[in-house]
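The numbers here are math on the coordinates, done by the rules we state, and not lab data. What you see is a predicted model; the values in this text were computed from it and never measured. Neighbour counts run over all protein chains shown; Cβ positions are idealised from the backbone, glycine included.
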Amino acid sequence: MSSIESVMTETRIFAPHEAFKQAATVSGIEAYENLCNLAEQDYTGFWADLANAEIDWHKPFTEILDESTPPFYRWFYDGELNASYNCLDRHLASRGDKTAIIFEADDGTSTHISYKALHQRVCRFANALKKQGVGLGDRVVIYLPMSVEAVVAMQACARIGAIHSVVFGGFSAKSLHERITDVGAKLVITADEGMRGGKAVALKSAVDESLTMGGCDAVEKVIVYRRTGGKTAWNESKDLWWHELEAVESDYCEPTWVNAEHPLFILYTSGSTGKPKGVQHSTAGYLLGAILSLKWVFDHKATDIFWCTADVGWITGHSYVAYGPLALGGTQVVFEGIPTYPDAGRFWQMIEKHKVSVFYTAPTAIRSLIKLGGNLPNNYDLSSLRLLGTVGEPINPEAWMWYHTVVGKERCPIADTWWQTETGSHMIAPLPGAIAAKPGSCTLPLPGIMADVVNEDGSAVSGTEGGLLVIKKPFPSLLRTIWNDPDRFQRTYFPNTLPGYYLAGDSAHRDADGYFWIMGRIDDVLNVSGHRLGTMEIESALVANPLVAEAAIVGKPHDIKGESIVAYVVLKGERPEGEAAKKIVADLRDWVAKEIGPIAKPDEIRFGDNLPKTRSGKIMRRLLRSLAKGEEITSDISTLDNPAILEQLKQPVS
Ligand code: PRX
């Protein structure tokens, strides 16, 4: 049964345990409803009070929301602050010696870094960046492995008002190049290599390669963190060692106070066209979202050991590693490695070792760990856990129940958090001391988030019918624009067909209790192991191969990854068979890994003399999806121009 089907028949409900509820920041459903009512009654006042309470302002704001040029909204826009000050300096007096980060390396060694020490490292590195001429508004690309240095680099940019754009280390040189040029980076920060699962992963060489691809003239320097000591090429005029720069700097760097709307970062994500979108976030609104969601959804406590397993290359690693936990003065685990090294007990062993109390991961990791060792958590002491979270894709109820019973021992609430790169922080998720969970549902919107399900014209759906997931009012942590492309921002997220609502790009329905159930994307975006990939992006990569004439990508339900990637390819020459076909499949998979990154490699490639098209030339993706699933085509194919093609495309190359 696919996860969507199993979700549709789910009826179990899990109310918070009394003890958890009593101790929770938002305790009981009335407390949640009170917050929602406050937002209903005085929307801007609600957000202004929270922004005043949660953020240390250098210059307090007097203006709350500017709606004069929708959808380019501005929040708290005459206020001034610094994100790094809010994440570090404000904790020094009261908890300077508290551990900010417990870093666990791939090989299992760990180090503790206090707030004082982290502050010092951020200041030193910020001074180093300044010395290299980086200042307010300059863009810095960060291409680093999971490390304390990645957090330091992001915080240092924030400290001096530079805008960082982190590129996930799994992206190829080509993808990195695309982002460096689009964002106009002045400086790139990387490492010689990363370490994952006992293997070194080259990073600096990918930067070198991307800088030779042209169009990167703005990049003046490359700062290299020495992680493994592996051999790297060195360009004397451009390359600088991180440790040499940091060693000579002073321990304090005055924060650059920026306007509330100053872009904190740009993070690229996939959309329905081939070109990734540079999602631009503000400083104050974004930070407020990260803080509030940690308080409300993760019920953050000063004594928590929080662990979000996401890489800083994704939005989850921005909000729940690099900014949120630090803004709250919390202690968090930062993990360099992978869940299956040295074995599939790694997560559980680390929870025991570091006494993790709040654990946040992706359904795909949960599913793969069930498969590799469903009983393994029982070998470890997981009694420190009090709350579990998931993110990135729908969690199928079977995986939810396993997480609940085997990991959470039926004690820990589960927060299934629905949100996006664009929303910056959680939008729909249970406040765990208030809202009963249903396996597979992200439950109810956070206070102040006016989420709904509507028809294509924005009208209300009837009853529990499915429709478009929208957010009806602007909220502080929403993206401000797409870097370099405000028209695309407007078209994509605020289409004319809807009355000013933010269009999330997901379909959903609400059950009789008003709970939200996410059904999937409405656009050509795949969700593979919680990673967002555009079908067009992969198609463009394939078509760029000299052998390929045409390509179409569809998703196919997958037990572990959620979706797998199936590619239908028409070659310029003959349709290959047998060993020749296998060889081309292997070559094309490697090609996509080089063009985009290994995460985008098609799981299956099928060859045809053509693709199924309508008489007007439109590729019939619905048919391709059915073929991928191995379904018999019983629907009407009378509009299909070339029905014989379907036979060819039925079989994967084997
Ligand atoms: O389709 C939804 C899915 O992931 C998309 C956002 O992807 P991205 O911007 O990469 O951010 C992922 C981490 C926030 C959404 O449009 N998605 C995310 N969380 C959930 C989800 N689908 C179902 N349930 C979730 N909890």
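Once you have the alpha carbon radius of gyration of region 377-530, what is it after dividing by 2.2 N^0.38 Å, with N set to its residue count?
1.13
Given a Förster distance of 25 Å, report the FRET efficiency between W257 and D485 from their Cβ-Cβ distance, rounded to the nearest 0.05.
Once rounded, the FRET efficiency stands at 0.30.
Report the calculated FRET efficiency for E398 and A302 (r = Cβ-Cβ distance, R0 = 41 Å), to the nearest 0.05.
Result of the calculation: an efficiency of 0.70.
Taking 20 Å as the cut-off for C-alpha to C-alpha distance, list the pairs among K131/K238; K561/K629; K199/K277; K21/K295; K355/K409; K199/K231 that go past it.
Too far apart for the 20 Å limit: K199/K277.
Report the Cα-based extents of region 318-454 along its three principal axes, largest first, to the nearest Å.
45, 33, 24
Going out from 0 in 10 Å bins, what whole percent of all Cα-Cα distances in region 472-584 drops into each bin?
P(r) over region 472-584, rounded to whole percents: 11, 29, 31, 18, 9, 2.
Can you pull the one-decimal nm distance between simple spin-label points at E631 and Q22, each 7 Å off the Cα toward Cβ?
With each label point 7 Å from Cα toward Cβ, the separation is 5.1 nm.
What are the extents of the Cα atoms of the chain along their three principal axes, in Å, largest first?
73, 64, 58
Compute and list, largest first, the equivalent-ellipsoid semi-axes of region 243-373 from the alpha carbon gyration tensor, each √(5λ) rounded to a whole angstrom.
Largest first, region 243-373 gives 28, 21, 17 Å.
Out of all DSSP beta bridges with both ends in region 117-270, state the antiparallel percent to the nearest 5.
Beta bridges within region 117-270, antiparallel portion: roughly 20 percent.
Could you give me the ³J(HN,Hα) list for region 569-585, computed from phi with Karplus coefficients 6.51, -1.76, 1.60 and θ = phi - 60°, whole Hz, x at Gly and Pro?
10, 10, 8, 5, x, 5, 6, x, 9, x, 4, 4, 5, 4, 5, 5, 4
For K116, what is the net charge nearby, where nearby means another residue's Cβ is under 14 Å from its Cβ and Lys, Arg count +1, Asp, Glu -1?
Net charge in that neighbourhood comes out at +2.
By DSSP, what percent of the beta bridges with both residues in the chain are antiparallel, rounded to the nearest 5?
Beta bridges within the chain, antiparallel portion: roughly 60 percent.
According to the square roots a ≥ b ≥ c of the eigenvalues of the Cα gyration tensor, what is the shape class of region 426-493, taking rounded for a/c under 1.5, prolate for a/b larger than b/c otherwise, and oblate for the remainder?
Judged from the Cα gyration tensor, region 426-493 comes out oblate (a/c at least 1.5, b/c at or above a/b).
Which FRET efficiency value, to the nearest 0.05, is calculated for D523 and T62 with the Förster distance at 45 angstrom and r the Cβ-Cβ distance?
The pair D523/T62 has a calculated efficiency of 0.70.
Between exposed chymotrypsin sites (Phe, Trp or Tyr not before Pro) in the chain, where DSSP calls loop and at most 16 other Cβ atoms lie within 10 Å, what's the longest gap?
381-654
Can you list residues whose amide H is under 5 Å from G161's amide H, if they're 5+ apart or on another chain and H is modeled 1.01 Å from N?
Excluding prolines and chain starts, which carry no amide H, the hits are T256.
Determine the distance separating the Cα centre of region 365-431 from the Cα centre of region 491-527; give it in Å without decimals.
When both Cα centres are located, 24 Å separates them.
Let me know the shape class of region 560-654, please: from the alpha-carbon gyration tensor, a ≥ b ≥ c as square roots of the eigenvalues, rounded when a/c is under 1.5, otherwise prolate if a/b is greater than b/c, or oblate.
Prolate is the answer for region 560-654, as a/c is 1.5 or above and a/b outweighs b/c.
For V548, which sequence-distant residues (separation of 5 or more, or a different chain) have an amide H within less than 5 Å of its own amide H, given hydrogens modelled in the peptide plane?
The list, which skips near neighbours in sequence, is K572.
Under a point spin-label approximation (7 Å from Cα along Cα-to-Cβ), what is the Q651-S237 distance to one decimal in nm?
According to this spin-label approximation, the distance is 5.7 nm.
Under 5 Å between amide H atoms, partner at least 5 residues away or on a different chain: which partners does S114 have, H built in plane at 1.01 Å?
Correct list: A100.
Would you compute the Debye intensity of region 219-289 from its alpha-carbon atoms alone, equal scatterers and no solvent, and pass along log10 I(q)/I(0) at q = 0.28 Å⁻¹ to two decimals?
Taken in order of the listed q values, log10 I(q)/I(0) reads -1.12.
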